[in-house]
Amino acid sequence: MRSTELVVEGECYISGRFERACIGIDGGKIVAIARNLEGERRLDFGSRKVLPAAIDSHVHFREPGMTHKEDFGTGSLAALHGGVSCVLDMPNTVPPTSTARALEEKAEAAASRSLVDFGLFAAVRPGVDIASMAGRAVGFKLYMAGTTGDLLVPSLASVEEELAEVARSGKVLAVHAEDESLRRKEPAESLDDHMRNRTGDCEASAVRKVAKAAEACRLHICHVSSRDSLPLVLGQPRATAEVTPHHILLDRDRPLGTYGKVNPPLRTRADRQALFLAFKEGRFDTMASDHAPHTIDEKKEDFDFAPSGMPGVETMFPVMLQHVRDRHLALATVVKALCERPGEIFGIRKGRIDTGYDADLVVVDFMEGREVRADNLYSKCGWTAYEGMPAVFPKAVIVRGELMMNDGEQEGERHGRDVVASDG
Ligand code: DOR
Ligand code: ZN
């Protein structure tokens, strides 16, 4: 029998069902799956479930420039404990990731500090050199409304050439779809006011406009938040769509105050339920956390001045697994949206337990739930909107064949790698 460097054994999620199996791993990749395999090292997880680790395709790790909120060290530690083995980081840092040099510098910082693999988005702005970034970026990000950072484009016409270059690059264009021209700027004191300033129409209008202006691009509509824009987004012929945990689980009636302030906003219960249902039916391509940490001091500002965004990279997979445990969601739906589709869309060989894929695995025990507590989380920001929610946190996490977390303890060497620059 063939022997591999490592064999992981357990109840493995393969082709949509659990089977007792051995996963043979060489050079960080899955090379064999069989009932019995020999290995130089062996990790036997007994009756525990082995799933693909998640890819969180939308995070803000704040490095460089805002590392008082988060950095690649703390953000990736949070990711690891949440069963996320790969994060795709957004470009609204300081400086923004809108030059080849900024991309290079962020990649170096991430490679030296990250415990999990990463990909970097580059920003679309008037005058940026798309071609020089296309080789290094996992995708491009377009901000159609003002939010954290300074990346709002004045109009789609102002980036016409840049969008044509993005289309030529073949990379995904991820869009923050809110129409700045429809955004009301009334004073806001509550989540309800915030929602009224950034309506579902504002989202729908942006989707319509970008679908036309960037027709030739591989569009990915981020964080869909409104039931009004839902049919439009899901009806786009070639675009893919993302939903966040907060938009399907939280709404403006929660007493979260500034901690629930995000862009696009939390909306009504009816919006939340419509999004949950669409997610449950498998109509979204991906779920991503939009992990957007801000400090407690920043969130203590008056509502209007408090920044938008909430952390989520560590709670997304565990809270979704709890919904599987409670039979509110099918495991296949969760694995597809958090693991398989992000891998397919962004061209990353992760997210499946199959030969040729990276050996990025999580081990879970559905019988062992634990409530989310900010005190037990690893993000630098120190708070969560999911305080007290039941969740199924992973018992162990393996990144490219290396056991990085076991029984809540960090293990292994820091070896986060850029999924675009690495040779596979
Ligand atoms: O709520 C948000 N926070 N929405 C965004 O678009 C940006 C993000 C952030 O970076 O804080
Ligand atoms: Zn975001």
Among the residues that make up region 151-161, is at least one of them within 25 Å of residue 230 (Cβ to Cβ), surrounded by fewer than 24 Cβ atoms within 10 Å (Cβ to Cβ), touching a His at 6+ places or on another chain (Cβ under 7 Å) and in contact (Cβ under 8 Å) with a residue 24 or more places away in the chain?
no
State which residue is least open to solvent (accessible area, probe 1.4 Å) when the search covers only region 394-424 and only residues that are touching a Ser or Thr at 6+ places or on another chain (Cβ under 9 Å) and part of a loop (DSSP other than H, G, I, E, B).
416
(1) within 15 Å of ligand 1 (Cβ to nearest atom); (2) under 24 Å from residue 243 (Cβ atoms): which one isn't true of residue 192, the others all being true?
(1)
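Okay, residues lined up against (1) surrounded by 16 or more Cβ atoms within 10 Å (Cβ to Cβ); (2) within 25 Å of residue 15 (Cα to Cα); (3) within 16 Å of ligand 2 (Cβ to nearest atom); (4) at pLDDT below 95:
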| site | (1), (2), (3), (4) |
| --- | --- |
| 286 | yes, yes, yes, no |
| 293 | yes, no, yes, no |
| 300 | no, no, no, no |
| 304 | no, no, no, no |
| 320 | yes, yes, no, no |
| 325 | yes, yes, no, no |
| 334 | yes, yes, no, no |
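Would it be correct to say that residue 124 is touching a residue at least 12 places away in the same chain (Cβ under 8 Å), farther than 30 Å from residue 319 by Cα, β-branched (Val, Ile, Thr) and within 16 Å of ligand 1 (Cβ to nearest atom)? Don't jump to the end; show me each part of the working.
Values: touching a residue at least 12 places away in the same chain (Cβ under 8 Å): yes; farther than 30 Å from residue 319 by Cα: yes; β-branched (Val, Ile, Thr): yes; within 16 Å of ligand 1 (Cβ to nearest atom): yes.
Yes, satisfied.
Just give me the residues in region 131-177 being among the hydroxyl-bearing types (Ser, Thr, Tyr) and part of a strand (DSSP E or B), in sequence order.
Once the filter is applied, which keeps residues that are among the hydroxyl-bearing types (Ser, Thr, Tyr) and part of a strand (DSSP E or B), region 131-177 yields only 143.
Hey, among 223, 246, which residue is on the phi > 0 side of the Ramachandran plot, buried (at least 21 other Cβ atoms within 10 Å of the Cβ) and within 13 Å of ligand 1 (Cβ to nearest atom)? Show your work before the answer.
Values: 246 fails: on the phi > 0 side of the Ramachandran plot.
Of 223, 246, the one residue that is on the phi > 0 side of the Ramachandran plot, buried (at least 21 other Cβ atoms within 10 Å of the Cβ) and within 13 Å of ligand 1 (Cβ to nearest atom) is 223.
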State whether one or more residues within region 84-98 are away from ligand 2 (no atom under 16 Å from the Cβ) and either buried (at least 20 other Cβ atoms within 10 Å of the Cβ) or of a type in the set (A, V, I, L, M) (or both).
yes
Only one of these is open to solvent by 20 Å² or more (accessible area, probe 1.4 Å) and within 16 Å of ligand 1 (Cβ to nearest atom): 39, 65. Name it.
65
Name the residue that is farthest from residue 78 (Cα to Cα), counting only residues in region 258-299 that are touching a Pro at 6+ places or on another chain (Cβ under 8 Å) and polar (S, T, N, Q).
286
With a cut-off of at least 3 residues that are under 15 Å from the mean Cα position of the chain (by Cα), name the helices (runs of 4 or more DSSP H) lying wholly within region 235-334.
245-249, 316-325
Could you count how many residues in region 217-264 are charged (D, E, K, R), within 17 Å of residue 174 (Cβ to Cβ) and touching a residue at least 40 places away in the same chain (Cβ under 8 Å)?
2
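Only one residue in 214, 204, 274, 278 is away from ligand 2 (no atom under 16 Å from the Cβ), free of Cβ contacts under 8 Å to residues at least 60 places away in the same chain, over 26 Å from residue 328 (Cβ atoms) and surrounded by 18 or more Cβ atoms within 10 Å (Cβ to Cβ), so which one is that?
Details: 214 fails: free of Cβ contacts under 8 Å to residues at least 60 places away in the same chain; 274 fails: over 26 Å from residue 328 (Cβ atoms); 278 fails: over 26 Å from residue 328 (Cβ atoms).
It is 204.
Give 31, 50, 7 a once-over and let me know the one that is open to solvent by 30 Å² or more (accessible area, probe 1.4 Å) and in a strand (DSSP E or B).
Working: 50 fails: open to solvent by 30 Å² or more (accessible area, probe 1.4 Å); 7 fails: open to solvent by 30 Å² or more (accessible area, probe 1.4 Å).
Only one candidate qualifies: 31.
The values are calculated or read from the model by the stated rules, or taken from the named source; none is laboratory data. Just so it is clear, the model here is predicted, and its values are computed rather than measured. Here the Cβ is made from the backbone with ideal geometry for all residues, glycine too, and neighbour counts use every protein chain on show. With ligands, DNA and RNA removed, areas are computed over all heavy atoms of the protein, side chains included. Shrake-Rupley method; radii C 1.70, N 1.55, O 1.52, S 1.80 Å.
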